[in-house]
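Chemist: Can you keep this structure in mind? I'll have questions shortly.
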Amino acid sequence: MNHAYRHAPLTLPGTPLDQVVRDGWNVTLRFRDEGDGPWLVDLSHVPKWDLQGPSLDRTPGLEGIVPAQPGSSTFQEGWIINRLNPVQASLWRLRPDAPPLALKGVGTTDLTDGLVLLALAGPGALDVMERVASLDFRRPDISCPVVFQGPVCRVPSQVVLLRREDLSAAVLVAFSRGYGPSMAEALLHAGEPLGLRAAGEERFFQHLVQP
């Protein structure tokens, strides 16, 4: 055996048109007939860490990267960093070409294989989320990115509102791996009347992450 492969926690419906193997994951870049949005994208292959320690925002190498205020998020050079409480933050490398970060002086736990990460993106993304969660994503007093902690389809989740615009939005939902197939099915069912379809990683990056 020359290569080790990871088993994805879920499989989105559709016909992949372009795939790559990255860090042992089979990553779908594009699906056939992705539609005009909204889209559901599986980003479970994205490297994910939990950071623990006091004064995370003042740790050498992480100053200005880890938000000081719990509930705040930072999106910088392909990294999303969510401050969950005074001694904990989550760190996700959304882009494979994101520059490395120095994580010395903090406790780290690799959660890549333990957490599913799904993205809801495009026109109508917030309408889909409002069907599956009681979180208020349209509050005028919040600025993006911002992290919520609460249930989605009754599953404990981290929810990051990455982008919120008049006609489009990007939402990241992270939760325990065991709920992956059921959560994807529930989201697709809730979003079916709104045109929600599975899409590949490229759709997420090209339309919703890059400026």
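Throughout, read-outs are computed from the coordinates displayed, never taken from laboratory work. Computed from a prediction, not measured in an experiment: that's the story for all the values here. Neighbour counts run over all protein chains shown; Cβ positions are idealised from the backbone, glycine included.
Chemist: May I ask you to sort ASP36, ASP127 by Cβ crowding, counting other Cβ atoms within 10 Å and putting the fewest first?
Modeler: On the way: ASP36 10, ASP127 17.
Placing the least packed residue first, the sequence is ASP36, ASP127.
Chemist: Just name one of LEU196, VAL21, VAL66: the one whose Cα is farthest towards the positive end of the charge dipole of the chain (beta-carbon charges, Lys/Arg +1, Asp/Glu -1).
Modeler: Of the candidates, VAL66 comes out farthest on the positive side.
Chemist: Among residues other than ALA4 whose Cβ falls under 14 Å from its Cβ, what is the net charge (Lys/Arg +1, Asp/Glu -1)?
Modeler: Working: positive: ARG6, ARG22; negative: ASP23, ASP113.
For residues surrounding ALA4, the net value is 0.
Chemist: Give me TYR5, TYR179 sorted ascending by neighbouring Cβ count inside 10 Å, so fewest comes first.
Modeler: Ordered from fewest to most neighbouring Cβ atoms within 10 Å, TYR5, TYR179 come out as TYR5, TYR179.
Chemist: Write down, largest first, the equivalent ellipsoid semi-axes of the stretch 141-211 in whole Å, where each equals the square root of 5 times an eigenvalue of the alpha-carbon gyration tensor. All intermediate terms of the calculation are to be shown ahead of the outcome.
Modeler: Values: eigenvalues 82, 57, 29 Å².
Taking √(5λ) for each Cα gyration eigenvalue gives 20, 17, 12 Å.
Chemist: In addition: Specify, per residue and in Å³, the volume enclosed by the convex hull of the alpha carbon atoms belonging to the stretch 1-118.
Modeler: Value for the stretch 1-118: 135 Å³ per residue.
Chemist: Follow-up question, since we're still on this one. Which FRET efficiency value, to the nearest 0.05, do you get for ASP33 and GLN149 by plugging their Cβ-Cβ distance into 1/(1 + (r/R0)^6) with R0 = 41 Å?
Modeler: In this case the efficiency is close to 0.75.
Chemist: Just how large is the dipole of the stretch 13-133 about the Cα centre, in debye to the nearest 20, putting +1 at every Lys and Arg Cβ and -1 at every Asp and Glu Cβ?
Modeler: Result for the stretch 13-133 is approximately 300 debye, rounded to the nearest 20.
Chemist: When SER44, SER176 are ordered from fewest to most other Cβ atoms inside 10 Å of their Cβ, what list results?
Modeler: Fewest-to-most ranking of SER44, SER176: SER176, SER44.
Chemist: To continue, here is another question. Helix-only mean residue ellipticity at 222 nm, the chain, DSSP H runs n ≥ 4 weighted -39,500 (n - 2.57), per residue, nearest 500. What is it?
Modeler: Numbers: 3 runs with 24 residues, N = 211.
Calculated at 222 nm, the ellipticity per residue is -3000 deg cm²/dmol.
Chemist: Using the Kirkwood formula over every pair of different C-alpha atoms, what hydrodynamic radius in Å results for the stretch 69-120?
Modeler: Computed over the stretch 69-120, the radius equals 12.3 Å.
Chemist: Moving on to the next point. Kindly provide the trypsin sites (Lys or Arg not before Pro) of the stretch 62-135 that DSSP labels as loop, not H, G, I, E or B, and whose Cβ sees at most 15 other Cβ atoms within 10 Å. Please list the in-between numbers first.
Modeler: Values: sites: ARG83, ARG93, LYS104, ARG131; in loops: LYS104.
Those that pass, being in a loop and sparsely packed, are LYS104.
Chemist: Over the stretch 128-180, what lengths in whole Å, largest first, do the semi-axes of the equivalent ellipsoid take, defined as the square roots of 5 times the eigenvalues of the alpha-carbon gyration tensor?
Modeler: Equivalent ellipsoid semi-axes, largest first: 20, 11, 10 Å.
Chemist: For the chain, compute Rh as the Kirkwood radius over C-alpha pairs and then the Stokes-Einstein diffusion coefficient at 25 °C and 0.890 mPa s; write the answer in µm²/s, rounded to an integer.
Modeler: The calculation lands on 141 µm²/s.
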